[in-house]
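This report concerns only the one structure given below.
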Amino acid sequence: METPNFFSSKEDILNFDYSKIEGFINSSIDHSFIINNLSPSRNKNQLLIGYYKSILFGQNHIFISKILNDLNNPSANICLPLFNQWEDIFSIDNIIIINHPDDAERISKMHVKKAPIFKSLLNDSIISTTDNEDWKNQRSEMNPAFLPNLSLKNAFHESKKRARGISELLIKMSSDYTEPVNMSDFFLNETQAQLQKAMFGFSDEFESKTNKKIRDVFSGINIEYLDEFVSEALKETEISDGPASKIFQNSDDKMKNIGNMILFAFAGHDTTGHTLTWLLYELCKHPSYKQALIEEIDQYWLKHGEETYETFNELPFMTRCIAETLRMWPALANGTYRQLERDEKIHGINNEMVNVEKGTYVQIINWTRHRNPELWENPDIFNPDRNFKDSEIWDNAGFGYYNVQSDRYSPFTYGPRNCLGKNFSHMEMRLILLNLFKNHDFTFDKKQIETINDPNYQGINLFTLGPLDVYGGLMGMYVNIHLRKSKI
């Protein structure tokens, strides 16, 4: 039986007869079972189909939140039956969604083995390999490309050069300030360009030729182009001197290189692009915070004739805006997936401890902890002035290098398998925001403004969490662009 996946067309996902999956329940591929004090319901049919549909519709974060709301326990760990094809065969397995803050960080750190969620697409890439030694080796080989003072400073010039062209592109996309602009498309274009030009050192010609086409692939359009892109990108690394290109120059494992190139091309731009889009969304929704950020940016430009890597610590409010966006709208809303390497004890629905067997799949989800009212005051309200813990906000400075995390907050997931590109992401976000607001201001398009008081507008979660397009596309966020008189 052919079942839809993330790369299926919208029509295939909408028109699939999901009742067909019921035939697999209690069959030879069904390895799921009820776990007392973790399974929220004994109706496996309803849970299995509802959860599977929510994943394909990009609503699994909402599906899980509803279960927790029905349980009246926002911190409950829950067990769901998951229909999957992770290793090229159909299977129904238990997956435990870790929502409890006392379990999330511990399990991420103590159970390093990844669940095989991405293995069929990404082979043994650094994010998908289930072999801990293989992961350690890849991480060790890739780390130098992302070290702040060794590699990122060297990539800064190209990143800055690209960010300085933002104004011209905005004017063009807005037809000289007369039309609204889809800022989701704008930011994804810019972060893909940043990735290719700054981290890989790819040529202007290659980036211009491939940028939109590879982003279309990740939206389910012309997915056949993926193989062509990977082949051409790997060849481009051979003649490029960016820090990421050197990773591929030093590896002769073809399948890993293919998997890692797909991973870099997607995660290396998509997460940052969505974060910037959600940030602008919240700033347009809260003009007072937008003005505060603009004033900080104006002060930066008055003090500095150009952007420098060493002066980003002078942007503490920008850092707070980014941190709050990562809390409310984590690009990695799904968090991370692991396979328990030994038996564990975790909190059950009634908060009593439950034994869970070695080999069980778990998902340490971000969305529910980041919006847990027991952990955050007014969690559904954007407030960059909120009381972040020291480990969540880089000691209230503007730029730092360690992974921000706590029991309630893990936007780049937890170490040791935290996001490799987090510091590059923070660097390019600051460069883009500095140049974005230097001479421009933004207000919502007339249709986008209808979403700001809609509690159901919670994004679409397809690997990463982006804003749902109000005009019927996949992802989009529309604003009007205004030329402003800055204080510079």
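The values are calculated or read from the model by the stated rules, or taken from the named source; none is laboratory data. Note that this is a predicted model, so its numbers are computed, not measured. Neighbour counts run over all protein chains shown; Cβ positions are idealised from the backbone, glycine included. Accessible surface areas use protein heavy atoms only, side chains included; no ligands, DNA or RNA. Shrake-Rupley method; radii C 1.70, N 1.55, O 1.52, S 1.80 Å.
The table below gives the values:
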{"item": "For residue 456: the one exception among (1) assigned to a loop (DSSP other than H, G, I, E, B); (2) modelled with pLDDT of 95 or more", "result": "(2)"}
{"item": "Answer residue from the range 459-488, given it is more than 29 Å from residue 335 (Cα to Cα), of a type outside the set (A, V, I, L, M) and part of a strand (DSSP E or B) and is nearest to the chain's Cα centre (by Cα) among those", "result": "480"}
{"item": "Conditions (1) open to solvent by 20 Å² or more (accessible area, probe 1.4 Å); (2) in a helix (DSSP H, G or I); (3) in contact with a strand residue (DSSP E or B) (Cβ under 9 Å, 6 or more places away or on another chain): number failed by residue 443", "result": "(2)"}
{"item": "The lone exception for residue 401 - which of (1) more than 29 Å from residue 315 (Cβ to Cβ); (2) touching a Pro at 6+ places or on another chain (Cβ under 6 Å) it fails", "result": "(1)"}
{"item": "Of all residues in the range 395-438 being among the aromatic types (Phe, Trp, Tyr) and either over 28 Å from residue 132 (Cβ atoms) or not in a loop (DSSP other than H, G, I, E, B) (or both), the one that is farthest from the chain's Cα centre (by Cα)", "result": "437"}
{"item": "Verdict on residue 449 being buried (at least 21 other Cβ atoms within 10 Å of the Cβ), among the β-branched types (Val, Ile, Thr) and in a helix (DSSP H, G or I)", "result": "no"}
{"item": "From 338, 369, 327, residue being part of a strand (DSSP E or B), in contact (Cβ under 8 Å) with a residue 12 or more places away in the chain and charged (D, E, K, R)", "result": "338"}
{"item": "Residue within the range 243-255 that is farther than 27 Å from residue 9 by Cβ and of a type in the set (Lys, Arg) present", "result": "yes"}
{"item": "Among (1) farther than 30 Å from residue 113 by Cβ; (2) open to solvent by 10 Å² or more (accessible area, probe 1.4 Å), the one test that residue 360 misses", "result": "(1)"}
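So that you can scan it fast, the table gives a plain yes or no per residue for (1) part of a helix (DSSP H, G or I); (2) open to solvent by less than 10 Å² (accessible area, probe 1.4 Å):
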{"residue": "187", "(1), (2)": "yes, yes"}
{"residue": "190", "(1), (2)": "yes, yes"}
{"residue": "197", "(1), (2)": "yes, no"}
{"residue": "201", "(1), (2)": "no, no"}
{"residue": "205", "(1), (2)": "yes, no"}
{"residue": "209", "(1), (2)": "yes, no"}
{"residue": "214", "(1), (2)": "yes, yes"}
{"residue": "223", "(1), (2)": "no, no"}
{"residue": "228", "(1), (2)": "yes, no"}
